Amino acid sequence: MLLLRDLQTATDSTSILTINKQTADMSSDDKPEIVDRGAKKEENEEGEENSGFLGKVKGFIQDIGEKIEGTIGFGKPTADVSAIHVPKINLKQCDLIVDVLVTNPNPIPIPLIDINYSIDSDGRKLISGLIPDAGTIHAHGSETVQIPLCIIYDDIKTTYESIQPGSIIPYRVKVDLIVDVPVFGRLTLPIEKKGEIPVPYKPDVDIDKIKFEKFSFEETVATLHLKLENKNDFDLGLNALDYEVWLCDVSIGGAELAKTEKLVKNGITYLDVPITFRPKDCGSALWDMIRGKGTGYSMKGNIDVDTPFGGMKLPLNKEGGTTRLKKQDDDDDDDEE
């Protein structure tokens, strides 16, 4: 009985020694390893991105994206002003049409959301506006988008006193095309174009003198010597002349232009226009001229001219002129006062 108890005590002592030895060994040799996961990540960041799971996924997505873009052909559209037309110009306004060529390289149509436009001249804002929902540009194609603009002369002359009739002013058209493109999202395509527009001034027309070629009470043939003053800073090509002449509120008929003429800028041009009328229809107006008394005349009509900016039809209106018949021995048969 004693022997068995001693053996159990010895066994327990050996176990305690063994545990103590393991504890000592652990405290001296088998210290637990401390891992800095952040540092390890930094050290292996490049390797993980290139060879790790996330790196493989990223590379796969990038490769697929490049292949899709290369195959489908998504790209940014381009725009440019191809031309500017002047369909209408007169003393009141100037209409412009801006042709914008838009190219869509994408395999699907793209909507043209808005068009913002403005026109200025030497820093002076003339007009501006917005065209919403301007249409759609077809896939893999180019289309010309026309932007109509209108400049009202009275508005700009009232706003800017330095803009005078007869002058040529520079202008700059600025256009922002806003499109919605897959992959890229909403884009703004800014473009601009410079040019010149006129502020027209109608020519002054007077009867310089009237020369009678054939005189009778039934039919009289005369030549109107007209004086036309072009007050514009550009030449006018006179193509057509359509007007009537009144003596003391009595019409003596109309006149026609025999050939085209050039009205030089800021200059005076003289024209001879034949006219035929019946003196007996003129009443007392012709007798006042014969007796040497002055008689009033007026002219009303239109003239068609060409300009460097397009054709114009300008009104012709002259009132308050005075004409009389001179004596036969004078150099001129009659003259205007």
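General observations
- Cubic angstrom per residue, convex hull over Cα atoms of region 78-198: 95
- For q = 0.12, 0.13, 0.19 Å⁻¹, Debye-computed log10 I/I(0) when each Cα of region 187-242 counts as one equal scatterer: -0.55, -0.60, -0.86
- Nitroxide proxy distance, nm - points 7 Å out along Cα→Cβ at residue 266 and residue 300: 3.5
- Note on residue 276/residue 317: beta-carbon distance plugged into 1/(1 + (r/R0)^6) with R0 of 25 Å gives a FRET efficiency of 0.65.
- Available extension along the chain between residue 216 and residue 124 is 27.1 nm, counting 0.36 nm per residue and deducting the alpha carbon span.
- Fully extended contour minus Cα-Cα distance, from residue 174 to residue 136, at 0.36 nm per residue: 11.6 nm
- Computed on region 109-175, the Cα convex hull volume stands at 100 Å³ per residue.
- Once the chain from residue 240 to residue 159 is taken as fully extended at 0.36 nm per residue, the excess over their C-alpha distance is 25.8 nm.
- Over 31 Å between alpha carbons, listed pairs 265/318; 157/265; 76/194; 125/227: 125/227
- Around residue 221: net Lys/Arg minus Asp/Glu count, Cβ-Cβ under 12 Å: 0
A short reminder: the numbers here are calculations on the coordinates, not readings from a lab. Every value quoted in this text rests on a predicted model; they were computed, and no experiment measured them. Note that each Cβ is placed from the backbone with ideal geometry, even for glycine, and that neighbours are counted across all protein chains shown.
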